[in-house]
Amino acid sequence: MSFQLKPGLLLGAATSATQIEGGELDHNWNDWYRCGWIKDGSDPARATDHYHRWREDADLMADLGLQVYRFGIEWARICPTPERVDEAAIAHYREEITYLRKKGIKLLLTIHHFTNPMWFEERGGFLKKENLRYFLDFTELVVRSFGDLVAEYITINEPNVYATNSYYFGDWPPGKKSFSKALTIMANLAYCHIRSYELIHKIRREMGYQNTKVSLAHHLRVFDPANPKNLRHRIYAKLLDYFFQGLITQAIFFGKFIWPLKAPARVERGEYADFIGLNYYTRSTISQFNDGVRAGAPKNDLGWEIYPEGLIRCAEKLYGLLARPIYITENGTCDNQDAFRCRYLYDHLKAVCESALPIERYYHWCFCDNFEWSEGESARFGLVHVDYPTQQRTVKKSGTFFAAIIKEGGVSQELYDEYVGAEKYPY
Ligand code: BGC
């Protein structure tokens, strides 16, 4: 019951701007809240007030010994209108980034993580080909503003999750329910990733830097048939895997737009990722054209199966397509009482360390509890507990465990006994 960290593997945490910063901004999530669509009624304008408490959070990250940190910046804050750039917001982020760098934390900046300014949304968002230039302008602004401080970028977070939740299931803004629109969004986001990838490299080259790394945070899950002997289950599992992740993977990594994905403009075939960015959470068990959860399997507080092996299965799948270093750009679980997160960490990190794949980074989702999109504040994913009314931060047992893993370079039998031994997954 122990393991050592892989040589070269760096450990840290991830966040996204909207989920932690707070602020009365004119973006699609504040709008979605005003329309009454957040399940527990919580307001993203509160979140964890990180925009004002960033120094305290950065200090806490350093105290925990985090080596790497993936974070986002808020488009609607920097560009409140298409024409206006808020220089004060840029100065704010520069101060925060500089502070984190001084703490010795290596940064990975996410440009787009689900949230759009309302002016972009009202023009039709990523659905309209003519709007895509706004995102590319924003990429350019980001790299010109922070390119001297940040070498590593994620262009877009989970385009497949954004496309399906916002345009197929209609659970996220703008609440559309259309298969063809979801496909258009996937194609347009893949196109944006490629152009953004090229732009970031071009601008950083012009700035004189050679060490730029760019990728996308790709959400992959395992789709397994409920009964492997059942042909219908197997076919549905393959179809879901293909439409949710197979198709778009070809487009983002290689510029290969296979029907029914249609590129909004000409794209050269190529390789558009310097590392593999993988967000992994769960497995889907399939018996029909719908998401399902395996009977009798361990589940987190949102009912998602806990399946550590899946992390490696997904990483292997991507690595088989494109042999690049792997960053686990997100992995974590909703555990409202912090009752099994230590076990979750142990199982997933052990799988990483026992795998022969070149996994170089592990970013736990999330550094702190945060605004969990349509679940609001009720779903807790953090290593650090946030008491929302007072904004008091308290390191959870799992946060202390994670810090100990970093410090000791692995999990010894003593650490296992202290943190993991007594924890059990819910079923
Ligand atoms: C997203 C995060 C989210 C997490 C947990 C990922 O799909 O990138 O923003 O909080 O999953 O649901």
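The values are calculated or read from the model by the stated rules, or taken from the named source; none is laboratory data. Remember, predicted model here, so these are calculated numbers, not experimental data. Cβ placement follows ideal geometry from the backbone for every residue including glycine, while neighbour counts extend to all protein chains displayed. Only protein heavy atoms, including side chains, enter the accessible area calculation; ligands, DNA and RNA are left aside. Shrake-Rupley method; radii C 1.70, N 1.55, O 1.52, S 1.80 Å.
Counting only protein heavy atoms and a 1.4 Å probe, the chain has 39 square angstrom of accessible area per residue.
Among 19, 245, 288, determine the one that fluctuates most according to a GNM of the chain built with springs between C-alpha atoms less than 10 Å apart. Among 19, 245, 288, the largest mean-square fluctuation in the Gaussian network model of the chain belongs to 288. Sites listed here are trypsin sites (Lys or Arg not before Pro) in region 247-306 whose DSSP assignment is loop and whose Cβ has at most 16 other Cβ atoms within 10 Å: 256, 262, 266, 269, 294. When only Cα pairs below 8 angstrom with a gap of at least 6 residues are kept, region 192-290 shows a relative contact order of 40 percent. When you restrict to C-alpha pairs under 8 Å that are six or more residues apart and normalise by the size of the chain, the relative contact order lands at 19 percent.
If you take all other residues with their beta carbon under 10 Å from the beta carbon of residue 335, and give Lys and Arg +1 and Asp and Glu -1, the sum is +1. Counting only protein heavy atoms and using a 1.4 Å probe, what share of the accessible area of region 168-304 belongs to carbon plus sulfur, as a whole percent? Percent of accessible area from carbon and sulfur atoms in region 168-304: 53.
Taking the DSSP beta bridges with both ends in the chain, the antiparallel portion is around 15 percent. When the surface is traced with a 1.4 Å probe over the full set of protein chains, residue 402 keeps roughly 0 Å² accessible. Could you work out the percent of alpha carbon pairs in region 288-386 separated by over 18 Å, rounded to a whole number? In whole percent, the long-distance tail amounts to 52. Here is the tail figure for region 337-427: Cα pairs spaced more than 19 Å apart come to 45 percent of all pairs. Working from the Cα coordinates of region 211-342, the gyration tensor eigenvalues give, after taking √(5λ), semi-axes of 28, 21, 11 Å in decreasing order. Residue-wise HN-Hα couplings along region 323-338, as the Karplus relation 6.51 cos²θ - 1.76 cosθ + 1.60 with θ = phi - 60° gives them from phi, are 7, 10, x, 10, 10, 7, 7, 7, 6, x, 8, 7, 9, 5, 9, 6 Hz; Gly and Pro carry x. Other residues within the sphere of radius under 11 Å centred on the Cβ of residue 43, judged by their own Cβ, net out at -1 (K and R +1, D and E -1). Shown here: the chain, whose C-alpha atoms stretch 57, 55, 46 Å along the first, second and third principal axes, sorted largest to smallest. Here the Karplus relation 6.51 cos²θ - 1.76 cosθ + 1.60, evaluated at θ = phi - 60°, turns the backbone of region 110-123 into coupling constants of 9, 7, 10, 9, 6, 9, 10, x, 5, 4, 7, 4, 5, 7 Hz, with x for every Gly and Pro. Relative to its residue count, region 36-101 spans a Cα convex hull of 122 Å³ per residue.
For region 248-311, the equivalent ellipsoid derived from the Cα gyration tensor has semi-axes of 33, 16, 8 Å, listed largest first. Counting only the Cα atoms, region 143-205 fills a convex hull of 79 Å³ per residue.
Equivalent ellipsoid of region 52-159: semi-axes from √(5λ) of the C-alpha gyration tensor, largest first, are 27, 14, 12 Å. Comparing mean-square fluctuations of 160, 331, 211 from a GNM of the chain with C-alpha springs under 10 Å, the top value falls on 211.
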